[in-house]
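Participant: Just dropping this structure here.
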Amino acid sequence: MPAPWRRTRARQAGLRAVRRRYRAVWLGLVIGIAAGLGSIAFHELIRFATDHLLGSIAAYHPPEPLGEGGSPASGPERAWALPIVIALGGLASGLLTTFLAPEAAGHGTDNAIRAFHWRSGRVPWHVVPIKLVASAVTIGSGGAAGPEGPNAQIGAGFGSVIADRLGLEPAERRRAMAAGIGAGIGAIFRAPLGGAMMAAEVLYRHDLEADVILISLISSITAYAIFGSYTDFEPIFGGAAGFDFSRPSELPYYAILGLLAGLVGLLFARGFSATEARFERLPLPAWARPALGGLLVGLIGIAAPEAIHIGYGWVQQGFTPEGIMAFSPWLLLALPFLRIVTTSLTVGSGGSGGIFGPGMVIGGMLGAAYWRLGHELPGFPQEPGPVVIIGMTAMFGAIAHVPLAMLLMVAEMTGNLSLLAPAMAAVAVATLVVGDETIYRQQLPTRADSPAHRHRFAFPLLSALPARQAAIPLVELDPFESCQAAAARLREAGASYATTRLEHGRLGEVTLPRLEEGGNEPVSARATPLPTAVDADWPLDRALDTLAEHERRWLPVVDGSPTHRRLLGQIDTRALLRSYRRAAASQVRPLGTIADNLEALDGVLPAGSPLAFRRLADVAFPPGARVAAVQRDGETLLPRGELILLPGDRVTVTYIPRARATVLALFEDGPPPPQSRA
């Protein structure tokens, strides 16, 4: 390759890398703005629905945490109306989701996880308003559901729609969608750091989506700033700033709390799944099931109104000894289990709502009951607040497999970091008890199990091979050529399809049967636009993702700037696998990133390599690449200038990312891939 063209390619690769880095910044800002405004709308809709459904009809006003105003509970003065109100809320939610957006039914976080893994991060735009309204009605009528799951799905929807409008490819759309999850949770809980970590953790049971952390941090803090400017920046749960941990003798009690939290978490997950399965088997239309669930929740609410609605106010009451003592002892013991039942009936029946908030309430009330039973024991924590906070953290952090996010989030929601040590102990024990059980059924064990990453882990070499090495010939037709002449060219080339240039330089596809029908029409009249093209410097795993995303058998491979793209050929799965096998035959292994902007790979030199039988000093390596080590017959040789490389040597090369394609070419045996035929 001529030196000027190599330098041009290097500059283009560098510009693309810079654009990718800065795209995370502005894309995170855009997603955060959308999610922050959506969170405000959702917050106001829940308040409106609560005031006009629970408040006006049943005369019940649930208590609020200090960060939401701190108003005490009043009513219900018309308790008999609770089953009617909650059933009607479930009916409205069921009708909206069944007929307008089935993806908006159930708990939103699980739906967002499913979209990340199985739908290339795509959330249909109409899901956002339907989820917003259906969840506000479910919660506002008294359903035992939380706002975080719906807001996570709403944020995910914003991220997905924005990515689609910008024409981003599947991997970037997934990251944008996950950033929306973090922004939605970070805003509604006023916990931006925990929200960002939640977006990375909640996708897997035993893994972390590290690629989404940066964009999630940006989107989450942006959404939090917008939402907090409208409401306020106070933590949801007030009065916790004075809590601390200063007596190590309390740790065994917190470990026992972790054990109890793990057991209750298992009961929550299994009870919720069983309720979902039972409702799915009922001989009722899908739109009627949430109404039945709401009716049963309302009947429980007549006896225990503490078991309905969101429930954060009851957790706040548990922060003080006086608040806990105001509960009936039997009610306090029963509340965690009643909350499991009402949440399962509300959301498991198909009602639109979240289970994150109820999970925290269940854990908090478990902590309150634990303190009520054990506060007179020697060495037991003297204040109930820390026990309630750690109960929230341990129970849901374990059963949702988001321990780091919960540790951060509860610290932000209470404004207190001093309880991290006992919380870590409780979360660790609870996580051991829970094992592989999870409340989110769409979670996968690790990234290797996700369709988003499976081929990267099954074929790790794909991420190191550029698409240009897999390109095979593709006929390019003059758009003004007659279809009759073009058909003759295709038959002569033995091809059944070709590409041509359309308006604004866009590539189109035309098939032989279409050309044969066109007669003297120009080729462009019979061409259909291609959905996208594969950049020559994309790794093969990204090319494979793009083929699958657009359900294409082949796509063109192009090089150059967006306004002047040079056609190199085409890529399909067979060409992709042939390139993979060639590289595997050379035993090339990507070693990953070894330092900032520095990668490494090693491979065995074939006889036809441009490095074979040459002194290192005579080899013109691309800028930013150098030989780090040479192994020959089990012996490691220093890469001195006078060293002559031989076929069979295993050579380790370090390089900057934009030199990857040139470095890989050094391990090829044979001529480079053919270029396209014009």
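Participant: Return the sequence-ordered ³J(HN,Hα) values of the stretch 127-138 in whole Hz as given by the Karplus equation 6.51 cos²θ - 1.76 cosθ + 1.60 applied to θ = phi - 60°, using x for Gly and Pro.
Facilitator: Couplings: 5, 4, x, 5, 4, 4, 6, 4, 6, 4, 5, 4 Hz.
Participant: Per-residue HN-Hα couplings for the stretch 215-222, Karplus 6.51 cos²θ - 1.76 cosθ + 1.60 at θ = phi - 60°, whole Hz, x for Gly and Pro?
Facilitator: After applying 6.51 cos²θ - 1.76 cosθ + 1.60, I find 5, 5, 4, 5, 5, 5, 5, 5 Hz.
Participant: Right, next: So for 60, 497, what's the accessible-area order with a 1.4 Å probe, most first? Could the numbers behind the result be given before it?
Facilitator: Working: 60 0, 497 30 Å².
These residues rank, largest area first, as 497, 60.
Participant: Can you divide the C-alpha Rg of the stretch 347-495 by 2.2 N^0.38 Å and report the result to two decimal places? Before the final figure, lay out the partial values.
Facilitator: Details: Rg = 28.5 Å, N = 149, 2.2 N^0.38 = 14.7 Å.
Ratio of Cα Rg to 2.2 N^0.38 Å: 1.93.
Participant: Each residue of the stretch 56-70 in order: what ³J(HN,Hα) in whole Hz does its phi give by Karplus 6.51 cos²θ - 1.76 cosθ + 1.60, θ = phi - 60°, with x for Gly and Pro?
Facilitator: 6, 8, 9, 6, 10, 10, x, x, 10, x, 4, x, 10, x, x
Participant: So, R0 is 51 Å and r is the distance between the beta-carbons of residue 525 and residue 77; what FRET efficiency does that work out to, to 0.05?
Facilitator: Working: r = 74 Å, r/R0 = 1.45.
After rounding, the FRET efficiency stands at 0.10.
Participant: Further question on the same structure: If I take every Cα pair under 8 Å that is 6 or more residues apart in the chain, average their sequence separation and divide by the length, what percent do I get for the relative contact order? It would help to have the intermediate numbers written out before the result.
Facilitator: Working: 1496 pairs, mean separation 92.5, N = 678.
Reported as a whole number, the value is 14 percent.
Participant: If amide hydrogens are placed 1.01 Å from N in the peptide plane, which non-local residues have theirs closer than 5 Å to the one on residue 568?
Facilitator: Close amide H contacts, sequence-distant or interchain: 557, 558, 559.
Participant: Right, something else. Pull up all non-local amide H partners of residue 643: gap of 5 or more, or a different chain, and H-to-H distance under 5 Å with H placed in the peptide plane.
Facilitator: For residue 643, the qualifying residues are 616, 617.
Participant: Let me ask something else about it. Under 20 Å from a label point 7 Å along Cα→Cβ of residue 578: give me every residue in the stretch 520-539 with its amide N that close.
Facilitator: 534-539
Participant: While we're on this one: Using only the Cα atoms, what convex hull volume per residue in Å³ does the stretch 21-147 have?
Facilitator: Numbers: hull volume 14.7 nm³, N = 127.
Hull volume normalised by residue count: 116 Å³.
Participant: Rounded if a/c is under 1.5, else prolate if a/b beats b/c, else oblate: with a ≥ b ≥ c from the C-alpha gyration tensor eigenvalues square-rooted, which is the stretch 116-208? Numbers along the way, then the final one.
Facilitator: Details: a/c = 2.01, a/b = 1.30, b/c = 1.54.
Oblate, because a/c is 1.5 or more while a/b does not exceed b/c.
Participant: Rounded to whole Å and sorted largest first, list the principal axis extents of the Cα atoms in the stretch 304-389.
Facilitator: Here the Cα extents, ordered largest to smallest, are 46, 21, 17 Å.
Participant: A further question on this structure: Averaged per residue, what accessible area in Å² does the stretch 230-275 show with a 1.4 Å probe, protein chains only? It would help to have the intermediate numbers written out before the result.
Facilitator: Values: 2150 Å² over 46 residues.
Accessible area per residue: 47 Å².
Participant: Please report, as a whole percent, how much of the solvent-accessible surface of the chain comes from carbon and sulfur atoms (probe radius 1.4 Å).
Facilitator: Numbers: 16560 of 27080 Å².
Carbon plus sulfur share of accessible area: 61 percent.
Participant: Just from its helices, what would the mean residue ellipticity at 222 nm be for the chain, if runs of 4 or more DSSP H residues each count -39500 (n - 2.57) and the sum is divided by every residue, rounded to the nearest 500 deg cm²/dmol? Could the numbers behind the result be given before it?
Facilitator: Working: 24 runs with 351 residues, N = 678.
Dividing the helical sum by the residues of the chain leaves -17000 deg cm²/dmol.
Participant: Please compute the length gained on full extension between residue 330 and residue 441, using 0.36 nm multiplied by the number of residues separating them and subtracting their Cα-Cα distance. Intermediate values should be presented prior to the final figure.
Facilitator: Working: separation 111, 0.36 × 111 = 39.96 nm, distance 3.24 nm.
Difference between extended and current length: 36.7 nm.
Participant: Same structure, new question: Measuring from the lowest to the highest alpha carbon on each principal axis, how far does the chain reach, largest first, in angstroms?
Facilitator: For the chain, the Cα extents along the three principal axes come out at 85, 67, 44 Å.
Participant: While we're looking at this one, here's another question. For the ranges 213-224, 354-365, 290-301, what's the packing order if you count other beta-carbon atoms within 10 Å of each residue, average per peptide, and put the highest first? Let's see the in-between values first.
Facilitator: On the way: 213-224: 27.4, 354-365: 30.6, 290-301: 25.3.
The most tightly packed comes first, giving 354-365, 213-224, 290-301.
Participant: Pop the C-beta distance of residue 249 and residue 208 into the FRET formula with R0 = 30 Å and round what comes out to the nearest 0.05. Please report the intermediate quantities before stating the final value.
Facilitator: Details: r = 34 Å, r/R0 = 1.13.
E(calc), rounded to 0.05, equals 0.35.
Participant: Please compute the modelled spin-label separation between residue 617 and residue 492, points set 7 Å along Cα→Cβ, answer in nm with one decimal.
Facilitator: Label at residue 492, label at residue 617, 5.3 nm between them.
Participant: Still on this model: Based on the mean of other Cβ atoms within 10 Å per residue, sort peptides 634-644, 516-526 so the most packed one is first.
Facilitator: On the way: 634-644: 11.0, 516-526: 15.9.
In descending order of packing, they fall as 516-526, 634-644.
Participant: Given H placed 1.01 Å from N in the peptide plane, which residues other than close sequence neighbours of residue 629 have an amide H under 5 Å from its amide H?
Facilitator: Close amide H contacts, sequence-distant or interchain: 652.
Participant: So if each residue of separation counts as 0.36 nm, and I subtract the Cα-Cα distance between residue 448 and residue 322, what length gain in nm does that give? Please report the intermediate quantities before stating the final value.
Facilitator: Details: separation 126, 0.36 × 126 = 45.36 nm, distance 5.01 nm.
Stretched fully, the residue 448-residue 322 segment lengthens by 40.4 nm.
Participant: Starting from the coordinates of the alpha-carbon atoms of the stretch 84-133, obtain the Kirkwood hydrodynamic radius over all distinct pairs and give the value in Å to one decimal.
Facilitator: Final number for the Kirkwood radius of the stretch 84-133 is 11.5 Å.
Participant: Among 67, 36, 88, whose Cα lies farthest out toward the positive end of the dipole of the stretch 19-88, if unit charges sit on the beta carbon of Lys, Arg (+1) and Asp, Glu (-1)?
Facilitator: 36
Participant: Now a separate question. How long are the three semi-axes of the equivalent ellipsoid of the stretch 497-619, in whole Å, if each is the root of 5 times an eigenvalue of the C-alpha gyration tensor, listed from largest down? All intermediate terms of the calculation are to be shown ahead of the outcome.
Facilitator: On the way: eigenvalues 275, 52, 47 Å².
Semi-axes from the Cα gyration tensor: 37, 16, 15 Å.
Participant: If I take R0 = 35 Å and measure r between the Cβ atoms of residue 504 and residue 553 in this structure, what FRET efficiency does the formula 1/(1 + (r/R0)^6) give, to the nearest 0.05? Intermediate results must be reported in sequence, preceding the final value.
Facilitator: Working: r = 25 Å, r/R0 = 0.71.
Given R0 = 35 Å and the Cβ-Cβ separation, E is 0.90.
Participant: Just need the Rg to Rh number for the stretch 413-535, please, alpha carbons only, Kirkwood Rh. Provide the component values of the computation, followed by the final result.
Facilitator: Values: Rg = 27.5 Å, Rh = 19.8 Å.
Rg/Rh for the stretch 413-535 comes to 1.38.
The values are calculated or read from the model by the stated rules, or taken from the named source; none is laboratory data. Quick caveat, the model's predicted, so the values are computed rather than measured. Quick reminder, even Gly has a Cβ in these numbers, built from the backbone with ideal geometry, and neighbours come from all protein chains shown. Each accessible area value is taken on the protein alone, full model and side chains, heavy atoms only, with ligands, DNA and RNA left out. Shrake-Rupley method; radii C 1.70, N 1.55, O 1.52, S 1.80 Å.
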